[in-house]
Amino acid sequence: MMYMCLGDQNFGVGENDRRYLGDVIMINPEGEDLAEGEAVPVCHMTGGHDVSCDDEDEDTYAVPSDIPFVENKGDENEVISAVRENDCLLLQQLAQKNVDFNSLCHCQWVPCTIRVQRGDFSRQLQMTGYAAIHVAVIHASIKTIKCLLTGGADINLRDSNRRSPLQLAAAVDRLKVVRLLIDKGDCDNTFLMAVFLLLTFHYEDLVRTLVESGADVNLPDIKGTTPLSFAVGHMYPSSNFGTDLTIIRILLDAGCDVDKSNPAGASALMLAAGLKLVPVIHMLLSAGANINKMDNAGHNAFHTAVAGQRNLSAMQTLMWNGAATHTSNKKGETPLDKALQFGSISILRLLLSADAAPHRHDIMTAPRIVQLRNYLPEFDAWLRQEMHEPRSLRRICHVSDMAVISSVFRSGLFKDRVAIVTGGGTGIGQAIALELLYLGCNVTIASRKVDRLEKAAKDMNSRLAKHLNAPLPKLNTFLNATFVQKKRNTVEVHGRLDFLVNNAGGQFLSPAANITLKGWSAVIDTNLTGTFLCCREAYTQYMKENGGTIINIIADMFKGFPLMSHTGAARAGVDNLTKSLAIEWADSGVRVNAVAPGSSIYSDTAAANYGSDDIFSFIKSRVPAKRYGTVEEISAAVCFLLSPAAAFISGETVFVDGGGKLYQNMLDIPDHQRSKAYTWENDVKEQESSGNCGPQSKL
Ligand SMILES: CCC/C=C/C(=O)SCCNC(=O)CCNC(=O)[C@H](O)C(C)(C)COP(=O)([O-])OP(=O)([O-])OC[C@H]1O[C@@H](n2cnc3c(N)ncnc32)[C@H](O)[C@@H]1OP(=O)([O-])[O-]
Ligand SMILES: NC(=O)C1=CN([C@@H]2O[C@H](COP(=O)(O)OP(=O)(O)OC[C@H]3O[C@@H](n4cnc5c(N)ncnc54)[C@H](OP(=O)(O)O)[C@@H]3O)[C@@H](O)[C@H]2O)C=CC1
């Protein structure tokens, strides 16, 4: 059986290589790639439209006027001549005489150059060694093609450049011919072809139809390339990327094997990693791709991401999802070795500052690195520090590791006051609870995990006992059932509630498109609804009559919160809630403020939530202060806002972020061409093409 080899030698993975389809060459509009002296008329057409048979009537003999013959250097056979003339009668006669419809003619033929308004590329199609079917699919009417097929033309016949009729029809955008050839059902590996068509011409419906009619979505081509690997391997972020993602979604939904490898052992994830296709990486991982699968040479996806260089976002995505970053390939090379070979500062920084590579002595002396160190003193200084004191040793202490407790505020500042700190058993919340206790406040910490709370309380009490030269305030724990109970308990025990710190919260990392309703609701409930309920109960049950101060811990989501859109939306809600409550409850003597920690407040529990601390080290590089924030720095801001020194501050959000809100976003946007400029010229064109020419409001 013959296969349609879409993964032919001309399909490389480089950006330029992807512009090749067999030897149908994409040329730029200036025609730079045309051979000298070649007079090739350019005909314009809109991308994706069939130029041959706008008329549905198959009997039409109209030759598509905008695909002219240009050159026919040499003799063609009589079948081809009949095709050129759309002479079905003659074709029938030739068939009756048993003339061979499949003989190849070795003339040179340049059928056309077509400028496709999809990107800025034209295509030139050159033919040698073609048969009547090849001429027909480019040039002739549907009826002529049918006559040919009836007369014995081979629907799969390759021209001397190994292009099938289907491939050629696709190359000149003859959608109806493509459909005819596929409908005939004789095409080899039709499904892979359809995937190709979707990628190249966005004929999404073809792929869907084939999936629905039971096409084998795992069928590899002759080289072992599966439709999924084919699709991933031929995407590139700068063009039609959103549409291209559709194919991955269709294939995954159709149940294709996400880990199926090609004969070299490479999986779709490895390809996506090598091509910096971060959204595809997310899609494949969500579909269960094995992140550490290795190819025959011992490379995993992280290796291919490193090999792709300038591919930091793909590397980060893989790191955050638990990729093995230290493993060697079969030649014994690790990703770090590659970074040293490339002399890539950014990869080296990423690997070392995320502890994703061992700090080996040969790093300083690798030849490319020595060159860079000589040339870039700042890099040299950074590397020396990194090698002298690896980040793992420099890591900010988690609050529970802190040997001492202190505060910049005067002792006894909050004596006999009563506070609830939600999420007070870990990280930021624990630091706040400890500082309040240290300043004389009675504190109830609340969260979901009773064991953790009790262990934290025991630990906090023993540390306070060592460092507080005053009677210990009361520290209670409260399992997070409902706030109503929590607050009653606090009031019963202490008879009052002065401060509420809504610190409990959190989220998971996920592209918005992958967040399920359940996941979305879990994050909104935890962060927004939970905070609202706590505020409402504190107010109605105590503060309305007695006054009080509320602090809501939110996050630095003011530039949007890509990959954490759910929490961004929830925290923006709390930011606004803070303002509303500050006004509504002002006349009860209640102040409500928010504190927005930057996204780099390291604590072990926060890091554990993401499976590793890579995300924190990544974010650290995007903070002007170029360091982690500390839990003490958040606690100090909270204590200030709770203190009388902030008596005139309400409805405010205080950022404790090392300047992060002014600086970089967390997500790099890949280069793309999806943003269409508005110009009057484009506007007029669009109106004309939609047939909407009359004067009217467009809004
Ligand atoms: C990064 C730098 C900035 C740092 C900021 C910080 O805040 S640091 C502080 C960081 N500290 C924290 O964030 C600590 C607190 N955070 C948490 O407890 C959770 O992240 C929570 C907020 C989702 C609450 O959870 P909960 O107990 O209310 O609910 P649940 O566990 O039962 O899940 C419900 C549904 O959510 C979905 N879903 C959940 N996880 C994932 C995921 N990884 N992937 C995908 N989806 C996920 C899933 O649909 C699940 O349902 P399913 O499919 O399983 O039936
Ligand atoms: N660390 C950082 O860089 C940043 C943190 N923040 C926010 O600061 C707050 C503290 O974070 P941090 O200390 O770093 O991280 P932690 O993961 O250590 O703290 C989250 C705390 O919230 C508690 N919690 C989570 N969900 C609930 C719930 N539904 N009901 C009651 N308690 C809950 C957890 O306890 P348990 O699991 O026992 O329920 C835990 O004590 C969070 O709101 C966080 O989102 C904001 C920006 C940046």
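The values are calculated or read from the model by the stated rules, or taken from the named source; none is laboratory data. This is a predicted model, so every value here is computed, not measured. Quick reminder, even Gly has a Cβ in these numbers, built from the backbone with ideal geometry, and neighbours come from all protein chains shown. Ligands, DNA and RNA are excluded from the accessible area calculation, which covers all protein heavy atoms including side chains. Shrake-Rupley method; radii C 1.70, N 1.55, O 1.52, S 1.80 Å.
Screening the candidates 638, 595 for the property of being closer than 13 Å to residue 550 by Cα, in contact with a Leu (Cβ under 9 Å, 6 or more places away or on another chain), within 15 Å of ligand 1 (Cβ to nearest atom) and among the β-branched types (Val, Ile, Thr) yields one hit, 595. Filtering 465, 457, 481 for residues that are part of a helix (DSSP H, G or I), open to solvent by 50 Å² or more (accessible area, probe 1.4 Å) and at pLDDT below 95 leaves a single hit, 465.
Give the residues of region 674-684 that are under 27 Å from residue 245 (Cβ atoms) and open to solvent by 100 Å² or more (accessible area, probe 1.4 Å), sorted by residue number.
674, 676, 678
Restricted to helices (runs of 4 or more DSSP H) entirely inside region 167-263, those with at least 3 residues that are within 21 Å of the chain's Cα centre (by Cα) and at pLDDT 70 or above are 227-233, 241-253. Applying the set (1) part of a loop (DSSP other than H, G, I, E, B); (2) surrounded by 22 or more Cβ atoms within 10 Å (Cβ to Cβ) to residue 408 leaves exactly one unmet item: (2).
Of the residues that make up region 592-599, is at least one within 35 Å of the chain's Cα centre (by Cα) and open to solvent by 20 Å² or more (accessible area, probe 1.4 Å)? There is at least one residue in region 592-599 that is within 35 Å of the chain's Cα centre (by Cα) and open to solvent by 20 Å² or more (accessible area, probe 1.4 Å). Just one of the listed residues (540, 490, 567) is within 27 Å of residue 654 (Cβ to Cβ), assigned by the TED database to the domain that holds residue 596, out of contact with any strand residue (DSSP E or B) (no Cβ under 8 Å at 6 or more places or on another chain) and within 16 Å of ligand 2 (Cβ to nearest atom), and it is 567.
Listed conditions (1) surrounded by fewer than 21 Cβ atoms within 10 Å (Cβ to Cβ); (2) more than 11 Å from ligand 1 (Cβ to nearest atom) are all met by residue 610, apart from (2).
Given the structure, is residue 620 of a type in the set (D, E, K, R), within 16 Å of ligand 2 (Cβ to nearest atom) and buried (at least 22 other Cβ atoms within 10 Å of the Cβ)? So residue 620 fits the description; yes. Taken over region 408-450, the criterion of being under 18 Å from residue 462 (Cβ atoms) and near ligand 2 (Cβ under 9 Å from one of its atoms) is satisfied by 424, 425, 426, 430, 431, 445. When residue 632 is tested against the conditions (1) open to solvent by 20 Å² or more (accessible area, probe 1.4 Å); (2) modelled with pLDDT of 85 or more; (3) assigned to a loop (DSSP other than H, G, I, E, B), the lone failure is (3). Of the numbered criteria (1) modelled with pLDDT of 95 or more; (2) near ligand 2 (Cβ under 10 Å from one of its atoms); (3) among the hydroxyl-bearing types (Ser, Thr, Tyr), the one residue 588 fails is (2). For beta carbons closer than 8 Å, sequence separation of 6+ or different chains, a first residue in region 506-522 that is over 13 Å from residue 568 (Cα atoms) and open to solvent by less than 40 Å² (accessible area, probe 1.4 Å) and a second that is within 6 Å of ligand 1 (Cβ to nearest atom) and assigned to a loop (DSSP other than H, G, I, E, B), the qualifying pairs are 519/508; 519/510. Per the conditions (1) of a type outside the set (S, T, N, Q); (2) away from ligand 2 (no atom under 16 Å from the Cβ); (3) modelled with pLDDT of 90 or more, the sole criterion not satisfied by residue 473 is (3).
For region 653-691, a residue qualifies if it is basic (Lys, Arg) and within 30 Å of residue 626 (Cα to Cα), and exactly one does: 661.
So that you can scan it fast, the table gives a plain yes or no per residue for (1) open to solvent by less than 10 Å² (accessible area, probe 1.4 Å); (2) farther than 16 Å from residue 366 by Cα; (3) over 19 Å from the mean Cα position of the chain (by Cα):
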position	(1), (2), (3)
299	no, yes, yes
315	yes, yes, no
331	no, yes, yes
336	yes, no, yes
340	no, no, yes
344	no, no, yes
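Out of everything in region 537-555 that is in contact (Cβ under 8 Å) with a residue 40 or more places away in the chain and open to solvent by 20 Å² or more (accessible area, probe 1.4 Å), what residue ends up being nearest to ligand 1 (Cβ to nearest atom)?
From region 537-555, those in contact (Cβ under 8 Å) with a residue 40 or more places away in the chain are 537-539, 541-555; that's our starting set.
After this cut, where a residue has to be open to solvent by 20 Å² or more (accessible area, probe 1.4 Å) as well, the list is 537, 539, 541-542, 544-546.
Working: 537: 19, 539: 24, 541: 24, 542: 27, 544: 29, 545: 33, 546: 31 Å.
Once the filter is applied, the top-ranked residue is 537.
A Cβ distance below 6 Å, combined with a sequence gap of six or more or placement on separate chains, defines the contacts here; from region 588-606, residues that are among the charged types (D, E, K, R) reach residues that are away from ligand 1 (no atom under 16 Å from the Cβ) in the pairs 591/549; 591/650. Among the residues of region 512-527, not a single one is more than 14 Å from ligand 2 (Cβ to nearest atom), more than 30 Å from residue 314 (Cβ to Cβ) and among the charged types (D, E, K, R).
Got at least one residue in region 638-645 being modelled with pLDDT of 95 or more and small (Gly, Ala, Ser)? Scanning region 638-645, I find at least one residue that is modelled with pLDDT of 95 or more and small (Gly, Ala, Ser), so the answer is yes.
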